[in-house]
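What follows draws every value from the coordinates through simple rules; no lab data is involved. If you're wondering where the values come from, they're calculated on a predicted model, not measured in any experiment. Please note: Cβ atoms are built from the backbone with ideal geometry, for glycine as well, and neighbour counts cover all protein chains shown.
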Amino acid sequence: MKNDNVKCKSCEKDFLVDKDDLAFYEKIHVPPPTLCPECRYQRRLANRNEWNFYKRNCSLCGKSMVTIYNPAYPGPVYCQPCYWSDNWDTLDYGRDFDFLRPFFEQFKEHRFTVPRIALANSKSINSKYTNQASENKDCYLIIAASWNEYCFYGNWLQHDRECVDCWNIEKCELMYESLNCLKCYRCVYLEDGAGCNDCHFSNDLRGCSHCFGCVGLRNKTYCWFNEQITKGEYQKRLSVFDWSREAIDQTRAKLCELRLKIPTKYYHGNHNINCTGDYVSFNKNTHDAFNCSKNENLKYGQDAWEARDCMDLTETLDNDLEYELEGAGWSHGSMFSCKLWTGTNILYSELTFGSENLFGCVSMIKKKYCIFNKQYSPEEYKALKEKIIAHMKTTGEYGEFFPVNISPFPYNDTVANDYFTMSKAEVLSKSFRWYDKPKTEYKIGGDILQCVNEKCAGVGAFRLHPTEIEFYKKMHLPTPDLCFPCRLKARLARRNSRKLWKRECMKCSKAIETSYSPDRQEIIYCEECYN
């Protein structure tokens, strides 16, 4: 078995399918991919809406609800009480497979016909504008987050309290505009911090307190732009810092200058064995992974945790021997599916819960041996499944994830547009869907502010939440001058792109793969030289 070079059908760039990849595809009996890893990632993200919330009425009870499906979505959407109730039967939507038509054409009709749940939010209190979230209290616009209280505008928050505009933080309190932090307290603009308190405008700190504008420090106290000073001098300098928008911008610019003078490790993370990627920890034999932890034998993963022997996973947890999944957890042997929780051998399905042996199904709860929501005996299921797979191979569909143009979401509502941004014209030229959000005129004043970004990613105006206002007062911070979508876009830009480049350590010349592109100005060291 040898390596193959393949031209991507989407971007038309050549990509490598190595012998290990081919062995995996042979093991799970699927053909090699026709899209490069990056385009496959984009395709999975195009089936995922995280941040865009709408008001519409439940298609079953008629009550108003918050949902991730915009008013133009043509299919039925149920509020959470109705979706989990016995007031409807998913098997009523069963249909026969037509061997005279392509699979994806039929699946598109099916997914737009079967009821869908408004959003994924459980066991939370006063936190209806949260998604992919559970057990939160008094939170607003947080995603992929659990066990938080009084948190706003964040992603990947776990066990946090009073944190605003943060990304990937855990067991933190009173944090603002901070990324990749663990067990930190009362910090502003802190990136890659662990065990820190009262540290501001800093990067890559461990066990530090009362540090301002610092980079790469360990167990230090009372430092100002990496200068060791006395407690009294530190308090004096901090007391005269006015926390104005201008002062904040100037300080962040000064920090960027300092970061370019101090060596940086070529990736974010630790405790990895034979791994490549960024924001990765406690992985073994894991490659091309981003924001991934505790995986073994994983390749092409994004936000994937505790996977074993898998490829092409996005937003997953605890998976075994699986391929091309988005939004899946506690599953085994499943492929080409999304929104799958606790299941075995789920193929080409979505919104499945506690189920096994499904093919082409939507919104199945504790079901087995079903195809297109129609019940079969185990023997009938196996025979029909193999017949459909054979048909899909003739149409070139088997082995491919759901195409972007049959997504239940318009492209500009999906996470794909965050990482692979396209204009409306570009989206429509690819035959993807686009949603023009209604224009609303807002009267600026009071708790309604004007976004200062001339190319605003939102609607130009935004409202401050009352609890959010109290947070800014408590932290002596100015209110934001950008709306939430623009702040989100800026926050994503602070993280390295989810792409790797082959470079050399700038100290020992060792070959490395890093998310710091060759045109970046940072001093990049391999892990040994950095340590």
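Below 8 Å, C-alpha to C-alpha, sequence gap of six or more: please give me the relative contact order for region 23-134 in percent.
With pairs under 8 Å counted, the relative contact order is 23 percent.
Which whole-number percent is the relative contact order of region 406-531 (Cα, under 8 Å, 6+ apart)?
14 percent
Any idea what the relative contact order of the chain is, in percent, if you count C-alpha pairs under 8 Å spaced at least 6 apart?
10 percent
What does the charge dipole of region 423-531 about its Cα centre add up to, to the nearest 20 debye, if the Cβ of each Lys and Arg holds +1 and the Cβ of each Asp and Glu holds -1?
300 debye
What are the ³J(HN,Hα) values, in whole Hz, obtained from phi via the Karplus relation 6.51 cos²θ - 1.76 cosθ + 1.60 with θ = phi - 60°, for each residue of region 148-162 in sequence order, with x given for Gly and Pro?
10, 9, 6, 10, 9, 6, x, 9, 6, 9, 9, 6, 10, 9, 6
Note the full-extension length gain between ASN531 and PHE99 as 0.36 nm times their separation in residues minus their Cα-Cα distance, in nm to one decimal.
Difference between extended and current length: 149.5 nm.
How much net charge surrounds ARG308 when only the other residues with a Cβ under 14 Å from the Cβ of ARG308 are counted, with Lys and Arg +1 and Asp and Glu -1?
-2
Hey, of [x] 61, 31, 22; [y] 41, 30, 23; [z] 41, 29, 20, which did the structure itself give for semi-axes √(5λ) of the Cα gyration tensor in Å when calculated?
Label of the calculated value: [z].
Using +1 at the Cβ of each Lys and Arg and -1 at the Cβ of each Asp and Glu in the chain, identify which of LEU141, TYR411, PHE201 lies farthest towards the dipole's positive end.
Toward the positive end, the furthest listed residue is PHE201.
For CYS508 and ASN87, what is the calculated FRET efficiency with R₀ set at 51 Å and r taken between the beta-carbons, to the nearest 0.05? Present the calculation step by step, with values, prior to reporting the outcome.
Working: r = 66 Å, r/R0 = 1.29.
About 0.20, to the nearest 0.05.
Which listed residue (TRP501, GLY216, GLN42) has the Cα farthest towards the positive end of the charge dipole for the chain, taking +1 on Lys and Arg C-beta and -1 on Asp and Glu C-beta about the Cα centre?
GLY216
Using the Cβ atoms and a cut-off under 12 Å, what net charge is assigned to the surroundings of ALA194, where Lys and Arg are +1 and Asp and Glu are -1?
Counting the neighbours of ALA194, the net charge comes to 0.
Summarise the long-distance tail of P(r) for region 299-451 by giving the % of C-alpha pairs beyond 26 Å.
39 percent
Show me the helices of the chain, taken as full DSSP H stretches, that run 20 Å or more along their long axis by Cα and average -1.0 or above in Kyte-Doolittle hydropathy.
The answer, listed by residue number, is 245-259, 378-395.
Starting from the Cα of VAL452, move 7 Å in the Cα-to-Cβ direction to define the label point; list residues of region 137-169 whose amide nitrogen is under 17 Å from there.
Within reach of a label on VAL452: no residues.
At most 16 other Cβ atoms within 10 Å and a DSSP loop assignment: could you name the GluC sites (Glu not before Pro) in region 1-92 that fit? Don't skip to the answer; put the middle values down first.
Working: sites: GLU12, GLU26, GLU38, GLU50; in loops: GLU12, GLU50.
When the GluC sites (Glu not before Pro) of region 1-92 are filtered for loop state and at most 16 Cβ neighbours within 10 Å, GLU12 remain.
DSSP loop (so not H, G, I, E, B), at most 16 other Cβ within 10 Å: list which trypsin sites (Lys or Arg not before Pro) in region 173-214 pass both filters.
Passing both the DSSP loop test and the Cβ count: LYS183.
Quick check on region 1-56: take the gyration tensor over C-alpha atoms, sort the square-rooted eigenvalues as a ≥ b ≥ c, and tell me if it's rounded (a/c under 1.5), prolate or oblate.
Working: a/c = 4.10, a/b = 2.15, b/c = 1.91.
Verdict is prolate for region 1-56.
If packing is taken as the average count of other Cβ atoms within 10 Å, what order do 484-494, 210-220, 95-105 fall into, highest mean first?
210-220, 484-494, 95-105
Give, rounded to the nearest 20 debye, the magnitude of the charge dipole that the chain has about its Cα centre when Lys and Arg contribute +1 at Cβ and Asp and Glu contribute -1 at Cβ.
680 debye
Projected onto the charge dipole of the chain (+1 at Lys/Arg Cβ, -1 at Asp/Glu Cβ, origin at the Cα centre), which of ILE389, LEU255, THR479 gives the Cα projection farthest towards the positive end?
Towards the positive end, the residue furthest out is THR479.
Please list, or write none, the lysines whose alpha carbon is within less than 17 Å of the alpha carbon of LYS510, excluding same-chain residues fewer than 8 places away.
LYS265, LYS502
For region 6-83, what is the charge dipole size about the Cα centre, in debye to the nearest 20, if Lys and Arg each add +1 at the Cβ and Asp and Glu each add -1 at the Cβ?
My answer is approximately 440 debye.
Past 28 Å, Cα to Cα: identify those pairs from LYS123/LYS473; LYS63/LYS455; LYS474/LYS499; LYS128/LYS473, in the order given. All intermediate terms of the calculation are to be shown ahead of the outcome.
Details: LYS123/LYS473 30 Å; LYS63/LYS455 35 Å; LYS474/LYS499 38 Å; LYS128/LYS473 25 Å.
Checking Cα-Cα distances, LYS123/LYS473; LYS63/LYS455; LYS474/LYS499 exceed 28 Å.
Compute the normalised compactness of region 112-164: alpha-carbon radius of gyration over 2.2 N^0.38 Å, N being the residue count.
Taking N as the residue count of region 112-164, the ratio is 1.13.
Quick one: which of LYS108/LYS430; LYS7/LYS430; LYS171/LYS284 span more than 20 angstrom between C-alpha atoms?
Long pairs (Cα-Cα over 20 Å): LYS171/LYS284.
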